[in-house]
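Here the structure comes first, spelled out in structure tokens, and everything after it is commentary.
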Amino acid sequence: MKNIVILISGRGSNMEAIVRVAREQGWPCKIAAVISNRPDASGLAFAAEHSIPTVALFHKEFPSREAFDAALQREIDAFQPDLVVLAGFMRILTPGFVEHYAGRMLNIHPSLLPSFPGLATHRQALQAGVKVHGATVHFVTPDLDHGPIVAQACVPVLPDDSEESLAARVLEQEHLIYPQAVRSFVEGRLSLQNGVVRIAEPAEASAVI
Ligand code: GRF
């Protein structure tokens, strides 16, 4: 059984997708905790309703980014995680924190990385006029939104898209690829070796072939 700790900052729909799919598919893991840097994150209620321990650690109550990350690391490590999942966790992380979870921390970003790192990715995509957009799951490295890529999903950009309609189309894909990436990790099929992503198909898929 692998322990997963999920970090959120807001609505937590990716966290919700992971929790639901993990339970439906009976993954060999325990969602050990959901931790938010915002006490008012609405995703905390979903976690509590599903009997998952929650922690709210408000970053504004800490004197520095380093102090917050150190406290966050202590909270996370109390749950002995095999994997830390960033699911809409809106914080820039200190290098020491990232290093501590090297090879065992995933993030989802709402663009086809390396295009459009940072914020307002859907606006960036519309302004650039790209015809395809999407989402990326990647291992976290100290370089913001630049870690080794685990999975991507594409969506078309339609002529009359607004940021909202494009975001909704991308989010639907996020809810598919993030649970599958996390599942690969908990089943021991996904790892980072010398900075390179290694991923094996599930046993049932190879059996079909
Ligand atoms: C998602 O689009 C995610 O890719 C980005 O922030 C959004 C969070 O949504 N990092 P939610 O909190 O998972 O609903």
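The values are calculated or read from the model by the stated rules, or taken from the named source; none is laboratory data. What you see is a predicted model; the values in this text were computed from it and never measured. Because the Cβ atoms are built from the backbone with ideal geometry, glycine has one as well, and the counts that use them run over all protein chains shown. With ligands, DNA and RNA removed, areas are computed over all heavy atoms of the protein, side chains included. Shrake-Rupley method; radii C 1.70, N 1.55, O 1.52, S 1.80 Å.
Using a cutoff of 8 angstrom between alpha carbon atoms and counting only pairs six or more residues apart, the relative contact order for the chain works out to 19 percent.
The spread of Cα positions in segment 115-209, taken along each principal axis and listed from longest to shortest, comes to 43, 34, 17 Å.
Of the residues 157, 83, 8, the one whose Cα sits farthest toward the positive end of the charge dipole of the chain, with +1 on the Cβ of Lys and Arg and -1 on the Cβ of Asp and Glu, is 83. Computed with the Debye formula from one identical point scatterer per Cα of segment 129-170, without solvent, the log10 of I(q)/I(0) at q = 0.22, 0.23, 0.24, 0.26 Å⁻¹ comes to -0.75, -0.78, -0.81, -0.86. A simple rule links phi to the HN-Hα coupling: the Karplus curve 6.51 cos²θ - 1.76 cosθ + 1.60 with θ = phi - 60°, which for segment 64-78 gives 8, 4, 5, 5, 5, 5, 5, 5, 4, 4, 5, 4, 4, 5, 4 Hz, with x for Gly and Pro.
Calculated accessible area for segment 140-209 comes out at 57 Å² per residue, all protein chains present (probe 1.4 Å; ligands, DNA, RNA ignored). If you wrap the chain in the convex hull of its Cα atoms and look at it from every side, the mean projected area works out to 12.4 nm².
If you take the alpha carbon radius of gyration of segment 21-132 and divide it by 2.2 N^0.38 Å, what ratio comes out, to two decimals?
Numbers: Rg = 16.1 Å, N = 112, 2.2 N^0.38 = 13.2 Å.
With N residues counted in segment 21-132, Rg over 2.2 N^0.38 Å equals 1.22.
Normalised size of segment 90-159, defined as Cα radius of gyration per 2.2 N^0.38 Å with N residues, equals 1.17. With R₀ fixed at 25 Å, the C-beta to C-beta distance from residue 193 to residue 91 puts the FRET efficiency at about 0.40. As a fraction of the 1.4 Å probe accessible area of the chain, surface on carbon and sulfur atoms comes out at 54 percent. Accessible surface comparison of 29, 154, probe 1.4 Å, protein chains only, largest first: the order is 154, 29. Site pair residue 100 and residue 130 shows an inter-label distance of 3.2 nm when each label is modelled 7 Å from Cα along Cα→Cβ. The residues 7, 192, sorted by heavy-atom accessible surface at 1.4 Å with ligands and nucleic acids left out, run 192, 7 from largest to smallest. Only protein heavy atoms count here; on that basis, with a 1.4 Å probe, residue 184 has an accessible area of about 10 Å².
Of all aspartates and glutamates in the structure, the ones whose alpha carbon falls short of 20 Å from that of residue 30, not counting any fewer than 8 places away in one chain, are 16, 49, 75, 77, 82, 187.
Residues whose amide H comes within less than 5 Å of that of residue 36, counting only those at least five positions distant or on another chain, are 8, 55, 56, 57 (H built at 1.01 Å from N in the peptide plane).
What is the calculated FRET efficiency for residue 164 to residue 65, with r their C-beta to C-beta distance and R₀ = 45 Å, to the nearest 0.05?
Values: r = 31 Å, r/R0 = 0.69.
So the FRET efficiency works out to roughly 0.90.
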